[in-house]
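I have placed the structure first, in the form of C-alpha cells, so that the comments after it can refer back to it.
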Amino acid sequence: MTEFGIILLSAVLVNNYVLTKFLGICPFLGVSGKLETAIGMSFAVMFVMTLASTASWIIQQLILIPFDIVYLQTVFFILIIAALVQFVEMVMHKTSPVLYQGLGIFLPLITTNCAVLGVAILNVQQDYSFFASVLYGFGAAVGFGLVLVLFSGLRERLEAAPIPEAFKGSPITLITAGMMALAFMGFAGLVKV
Amino acid sequence: MLNIWHKIQQSLSLGSAQGFTGGIVHGNQYKITAGHPIVACALPELFIHPIKQHIGEPCEPIVEVGERVLRGQMIAKPQGYLSVPVHASTSGTVTCIEEHTIPHPSGLGMISIHIKPDGMDETDESLHPLPNYRSVDATELRERVRDAGVAGLGGAVFPTFIKLVQDQQNQIDTVLLNGIECEPWLTCDHQLMLEKAHEIISGLDIILHMVEADKGIIVIEDNKLDAADVMKQTLSDMGLTDSIYVQVLPTRYPQGGERQLIQAVTGKEVPAGGLPLHMGVLSLNVGTSKAVYDAVCLGEPLTERIITVSGDAVPKPANMSVRLGTSMHFLLKQCGVEHFDGIKIMHGGPMMGELLNQDDVPVVKGSNGILAMNQQTIMRAHHQEEPCIRCGDCGDVCPAGLMPNLLAAHCKENQFERAEDYSLFDCIECGACSYVCPSHIPLVHYFRYGKGQVAQIQREKTFAEESRQRSEKRDARLAKELADKEEKRRVAKAKKEARAKALAEKEAAEKVVVDKDNVEQPDVEQTDKPEVKVDEKPAEDKA
Amino acid sequence: MIFLSSPHQHGGNSIQLTMFSVIIALIPAAMVSVYLYGWLAVFLLTTCIGVSLATEFFALKWMGKETDRVWDGSAGLTGLLLALILPAAVPWWMAVFAAVFAIVLGKQLYGGLGHNPFNPALAARVVLLISFPLHMTSWIVPMHMDASLDMYSFITSLKFFFLGPDAVQQTWDAITMASPLGYLKTELGQGVTVTEALVNYHYSTLHAFIGREAGSLGEGSALALLMGGVWLMARHTISWHIPISYLLTMAVLAGLFNLINPDVYAPPMFHLLAGGLILCAFFMATDPVSSPSSGIGKIVFGIGCGILTWVIRTFGNYPEGAMFAVVLMNMATPLIDYYVRPRVYGHKRGKQS
Amino acid sequence: MDFLYPVLIFATLALIIGTGLAFASRYFYVEGDPLADKVDALLPQTQCGQCGYPGCRPYADAVAGSGVAVNHCVPGGERTMLAIADIMGVEPKAIEEEETAPVVAYIREDECIGCTLCIKACPVDCIIGAPKQYHTIVTDHCTGCTLCLEPCPVDCIDMVETPELLEHWSWPVPGTKRAVKAEKRKAQHDGKIEGTDA
C-alpha cells in the first residue's frame, strides 16, 4: 500500500512532469490562459494519460513482449494514444463545444504530447506492475493538471497586471513558470526512490 | 468545516462588531450640528418641484402654467402603482413646467413644476385630519399615506404606502423605526427625535395599527443616548410601553441600511432576492413615521422635511426645516455661505450622498443633508488611485460579505460576468470599502460602473433580440410576398398554358397529330423555377 | 472636474502607513540580529535595503513611472525582510543579487507593487537556496556562543563580508554551525532519536524563544518577532487569520505525530520556535499582495502553509520548509480567491446567485 | 518471413481501433454548429452589413464555421469583439473602424418625397409611411444601421446621436471627465434644435 502511495506522491509532486521533468510544456503554456479551459484540459489529459498507461501496459505485456517486437514500442504506443485522443475529442465536441473550441489545436496535439508518450514509456522502463502503472499514469496526469490549474490562476491575475511591454505574454509566463519550478524544488526528497 | 470556520471568523474577526457583519466607525462630525434646534428656512423666491422624487414611475403634472396653487395641493398625480404624488410647498403661481437640474450625480434634468410664491402661504385643506385613526380602515389610511405623497425619508424614497400592506402570507409582527442615522455629519433624524418624539411615536402607532403588528422597536445608536432617553420618556408618558420599546445599538456604519439594521436587531439575514416583509419585519425611518403622523392626524401632505446643513464650508451649520423645492443655493445662503467658488455641494451624507455640479438644485423628498465642503477636502478624500495591494480590509468591512477588491478589478477589466459571479448586485454601495482602502481605489465607483454596464448590456441584448425578431419577420414576410407573387405568376402562366394547350389540341385535332410530351415538358420547367427563386430572393435582398 | 462617486470621505489609511507599520514591527527582530551577529548583521541589512531601494528607483525610472514610489515603503520592506531571512554568512554579492532579483524579477516585471504573484523576498531566497546551497545552509556561530572567535569586530566583519572566510584566516567549519533544524535532520538520518539529538545540540526552548540559537538573521528571536507581529495584529495592519491558522496547523500536526512516535517526529514546541516559521507566519505569509484577500481564504492559506511546512521539514531534503511552503501557497492564492469566498449576506454558503 | 509478424499485428490492432472509432464517431456525431448560435446571440442584430456579410446570422456562421476574424462587427464595438474572441478562444483583434456614439436615423419630414425606398431598405421594418406621404422612423426600434441613407433620393435622412436619458444614465468608468461629457451633451442638444429648425 505504501508503495502505491509513494508512486502517486512522487508522480504528482516530487517528479512533477511539467515542473521537474519538463514534459508537456506545450499545453502547459498553451492552454493555461483561462481557468475553465485549464480545468477542461486537465481532465482530458487525466483521462488520456490514465488510459494510455493502462493500454500501453497491456500492449507491452500481451503483444510486444510475447511477439518480441519491443523495438516497435513507440509506434504502437502512438497508435494507441492517437486513438484515445481521437475518442476524447469526439466526446468533448459533443458534450462541451465551448471547451472544444477553447482547447483548439491543443486537443489533437495531446497525441504527440511528450507527457503522454513519456508516461507510457517510463512506465515500461520502470517495470511497474499493472496497477502501479495505472496509478503512475494517473498520478502524473494529476500532477500535470494541478500545475496547469495553478498556473492558469496565476496567469489570469497577470492578465490584469501592468506588465512592462517587453515582458508581456510569453516572457512573463516563462518567468512565472520558472518560479513555480523553483518552488517545486522544495518537494525534493519527499520520496526516496 | 468551512461553515465552522466562517462562524469563528465572524465571531472573532477584528473587522466585525456585534450586530451585523463588517462596518466601520466614524469620527465625531455629527457633533457639529448635534443639539442644534430645528430652525425653519425662509421661503425662497421660486420653488422647483421635479415630477419624480421617489423610486418608481414619474408623476404627471396636473396644473397649468399660470394656475394658482395652494400649499399642499397636488400638482402632479401618480402614474402607475409604484408612484406617489407631488404637492406644492406654498401658495403661488405656476410659472412654467420645464426641465430643470435635479440632485442626481449625472447632472441631468427632469421635468419640473416651477412655482412663484405669493407670500400668503395659504394651505389647501382637501385632506381631512383623521385623529381617531384606530377607527379608520387600514385601506383608507393607506390611501391617505399615498395621497400625502409620503416616501421613505431616510434617503431611499421608496413609496411608503406600498410597505404598509397587510399580507396574509407574510404577517408583519415587528416594525423597526430607524433612528440610526449612521452617516457622519448628519443629525436631522437625531434632532427630529429630540423635538418631535410624540409625533414619531404616534406615527409608529398608526403604522402598527395599519399592518396589525404587535411590536414596534425604535432603534437608536449609542451616540444619540439623549434621543433614546427622550423617546423612552415619551413612550411612558403616552402609555405605549407595552407595544413599543427603544433599542440602543453600538455606533457603527452602515447600521442604518435596512438589511444591516434587521441583522443587527433580529440576528437574521434577509434572504437574497427576498424582502424584509418575508421575514415579518417592516422598517421605516423616523422621519417617515412623522410624515405618516402628519398625513393621517393632521391631514398635511409632505411639503417640508428636516435637513442637516453642514460641512466645513458652512459658517453656520444647522438643522433646518425646509420646504421641498427650495433651491440649495438659497438654503446654503441662509446658513451663511457667501461664495460658492471653490466649494462642492454634497446631497446626502458623505458616505452615500452624491456631489452636485451646480448649486441651483431643488431640495427633494430624499434630501436628508446638504453638505458644502471645501474643494480641497473633497480632493483629499478622492486621492489619486494607487495599485491594489490586496490587503483585504475592504472585505473585512463589507457588510454584504463581498470581496470588493476582486470585484472592482473585474469591473475595471470589463469582465462583468465574473463580477456578477462575485455577487456584484449584492453590493449596497455603502462605501465602507472605499473608506478604508489604503490605495484610495474608488471601489464603489467601479461597482456602480459595473452595474450600469450590466444593465446596459442587458438593454442592448433585449434590443438585439427584438431587432432579430423584426428582421426575421421581415424576411419571412418578404419571402411570403415573393412566394405569393410567384404563385400568382404561376397560376397565370398555367392558365396561359392551358389556353395554349387547348389551342394546340384544337390545332392538333385539326392536324390529327398528337404529341403530349412536347406540351407538358415546358410546363414542368416553369413550375420548378419559381420555387428555387423563392428561397434565394430574400438573401439577395438583405445583401 | 471628473465624475466622483461616493463616499466622499476617507479613513486615512495609506499604502505608506501600512508598509512603514510592518517595518517598525520588524525593528525588534533586526535589533536582535545585530545583537547576535554584530557588524555582519549591520552590513547585510544595509546592503539589502540599500540595493533594494536603488534597484526600485532605477526600475521605476527606466519604466517611466513616478520615482516617488520608492518611498512608499514596499521596496524598503522587501529589502529588510530579505536581509532577515538570509544567513549571516552570505557574501556581499549574494546579497546584492538577491535584492536585485527580488525587486526586478519578483516585483517590477510583474507590474510593480500589488501585482507580484510571489513574495519577492521569499522568491529571491528560494533562488539563492537552490543556487548556492552551501552558503545558504551554513550558519555563523552567534556572538554570545563563542566569545573567543575573532569574527565580530568591524574590520574583520567587513573583510569577511566582502572577501570571504579566507581573508580573515578562517575556514567555513570553524565559524559556522548547524541550525537546530539542520542538525536534527542530519541526526535523524543517522538513526538518532529526536530527544537524543536535541540533547546533543544543547537545545533549549527558552533560548530559542528569546533568541540565542543560530539561524538566519531575523529568525533568532521568536520573542522579538512575536512582539512585532502582535502589534501589527492589534493595529489591524495584518489580520489574525494567516498567522494563527498557520501556527495552529503546525502545532496540531507536529503534536499529533509526536504523540504517535516521539523518536522520529519532533515536538510541536520545537517546530514552532525553530527556523523561520514565526517570521514567515507573521511577516511573509501575511504579505497582502501574494496571499488571499478574504478572511476565510486566508485561513485556508494558513492551513496549507502549515501542512506544507511540516511535510517538507519532516520528509523533504531541505531542513526548513517554511519559505517553500509560503511560495507554494502563493501559487495557489488566485485559486483560493476564486473558490473560497466569504458567504454573501442573505445567500447560503456555496450558492452565490 | 519474420518481418511480416509485426506488420500483421500492427495492422490488426489498427483495424480494431479504427472500427471502434468509426462506431464512436457515429455515436458522438454533432449536428449543426452550436457555436454559431452563441456568436449570433452576442451580435447586436443591427443587420447593418458593415461586416461584409448580409446580416448578423451569416457573419456568426462565418465566424464559427470558417474562422473569419472576430473584429468585423463595427456597431458591436470592442465589447462584442472581446466576447466573441472569448467564445472562439482566439486572440482579440482591435476593430479597425472607430467606435462611434449610438445613433438613430431621423427623417427631415418636410424634405421627404414619400418614395418608400427607405422603407424597403430598412432591415428591421421600423420606417413607417405610405407612397407620396412623409415617412417617419420609429426611433425606439431603429438599430442605426444607416442602410436607409443610400437609397434616399433627396438625402433627407440624418443620423442623430441618441439623447442621454436620465433613467438609462449609468456611472462612467472612474476618472471620466465631467465637463467634456456635459459639453458634448450641450452641443448635441443645440444640434438637435438646429436640426429640427432646418
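What the table shows:
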{"quantity": "Per-pair calculated FRET efficiency, R0 = 45 Å: A:SER129 and C:ILE130 via Cβ, rounded to 0.05", "calculated": "0.85"}
{"quantity": "Contact order relative to length of chain B, as percent, for alpha carbon pairs under 8 angstrom and 6 or more apart", "calculated": "16"}
{"quantity": "Selected from C:ASP72, C:ASP263, C:ASP173 as most flexible by GNM, with chain C as the system and alpha-carbon contacts under 10 Å", "calculated": "C:ASP173"}
{"quantity": "From the C-alpha gyration tensor of region D:101-160, square roots of 5λ in Å", "calculated": "16, 12, 10"}
{"quantity": "Ratio Rg/Rh, restricted to region B:221-319 and using Cα atoms, in which Rh is the Kirkwood radius", "calculated": "1.01"}
{"quantity": "Amide H contacts of B:MET110 (H built 1.01 Å from N, under 5 Å, at least 5 apart or other chain)", "calculated": "B:HIS100, B:THR101, B:ILE102"}
{"quantity": "5 Å binning of all Cα-Cα separations within region A:1-81, expressed as whole percents from 0 upward", "calculated": "3, 13, 14, 20, 19, 17, 10, 3, 1, 0"}
{"quantity": "Kirkwood-Stokes translational diffusion coefficient of region B:386-497, alpha-carbon pairs, 10 °C, 1.306 mPa s, µm²/s", "calculated": "91"}
{"quantity": "Listed residues C:MET284, C:MET31, C:MET329, most fluctuating in chain C (Gaussian network, C-alpha, under 10 Å)", "calculated": "C:MET31"}
{"quantity": "Region C:172-290 - convex hull of the alpha-carbon atoms, volume per residue in Å³", "calculated": "120"}
{"quantity": "B:ARG71 long-range amide H proximity, modeled H, under 5 Å", "calculated": "B:SER91, B:GLU122, B:THR123, B:ASP124"}
{"quantity": "Region D:34-88: Cα Rg divided by the 2.2 N^0.38 Å rule of thumb", "calculated": "0.93"}
{"quantity": "Square roots of five times the Cα gyration tensor eigenvalues for chain C, Å", "calculated": "34, 27, 16"}
{"quantity": "Theoretical FRET efficiency, 1/(1+(r/R0)^6), r = Cβ-Cβ of B:GLU212 and B:THR266, R0 22 Å, to 0.05", "calculated": "0.70"}
{"quantity": "Among C:ALA124, C:ALA54, C:ALA102, residue whose mean-square fluctuation peaks in a GNM of chain C (springs only between Cα atoms under 10 Å)", "calculated": "C:ALA54"}
{"quantity": "Karplus (6.51, -1.76, 1.60) ³J(HN,Hα), θ = phi - 60°, over region D:90-96, in Hz, Gly and Pro reported as x", "calculated": "10, 5, x, 10, 5, 7, 6"}
{"quantity": "Cα-based convex hull volume of region A:1-151 per residue, rounded to whole Å³", "calculated": "99"}
{"quantity": "Under the span-like rule (Cα at least 30 Å along the axis, Kyte-Doolittle mean at least 1.0), DSSP H helices of chain D", "calculated": "D:4-27"}
{"quantity": "Region A:87-193 - Rg and Dmax from Cα coordinates, angstrom", "calculated": "17.3, 51"}
{"quantity": "Percent RCO, i.e. relative contact order, over chain D, from Cα pairs under 8 Å lying at least 6 residues apart", "calculated": "15"}
{"quantity": "Cα centroid of region C:44-123 to Cα centroid of region D:57-106, whole Å", "calculated": "43"}
{"quantity": "Nearest-ten-degree value, helix A:73-95 long axis tilted from longest Cα axis of chain A", "calculated": "50"}
{"quantity": "Projected area, mean over directions - chain B, Cα convex hull, nm²", "calculated": "39.5"}
{"quantity": "Principal axis dimensions, largest first and in whole angstrom, of chain D by Cα", "calculated": "99, 49, 27"}
{"quantity": "Quotient of Cα Rg and 2.2 N^0.38 Å for region C:73-161, N being how many residues it contains", "calculated": "1.23"}
{"quantity": "Alpha-carbon gyration tensor eigenvalues x 5, square-rooted, for the protein assembly as shown, Å", "calculated": "62, 54, 27"}
{"quantity": "Distance cut-off 13 Å, percentage of C-alpha pairs in region C:288-353 lying past it", "calculated": "63"}
{"quantity": "Karplus-derived HN-Hα couplings along region C:90-96 (A = 6.51, B = -1.76, C = 1.60, θ = phi - 60°), whole Hz, x at Gly and Pro", "calculated": "6, x, 4, 5, 6, 5, 5"}
{"quantity": "Separation between Cα centres of region B:232-269 and region B:290-310, rounded to whole Å", "calculated": "21"}
{"quantity": "For region D:101-160: relative contact order, % (alpha-carbon pairs under 8 angstrom, 6 or more apart)", "calculated": "46"}
{"quantity": "Amide H contacts of B:ASN285 (H built 1.01 Å from N, under 5 Å, at least 5 apart or other chain)", "calculated": "B:LEU153, B:GLY154, B:ASN178"}
{"quantity": "Using alpha-carbon coordinates, inclination of helix A:130-159 to the longest axis of chain A, degrees", "calculated": "10"}
{"quantity": "Cross-link pairs B:LYS268/B:LYS316; A:LYS168/C:LYS298; B:LYS344/B:LYS412 - those with Cα-Cα distance over 31 Å", "calculated": "B:LYS268/B:LYS316"}
{"quantity": "Whole-Å distance, taken between Cα centres, linking region C:126-196 and region A:39-95", "calculated": "52"}
{"quantity": "Pairwise Cα inverse-distance average, inverted: Kirkwood Rh of region C:14-179 (Å)", "calculated": "16.4"}
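Bear in mind that the values in this text are calculations on the coordinates, not laboratory data. The structure displayed is predicted, hence computed values, not measured ones. We place every Cβ from the backbone using ideal geometry, glycine too, and count neighbours over all the protein chains shown.
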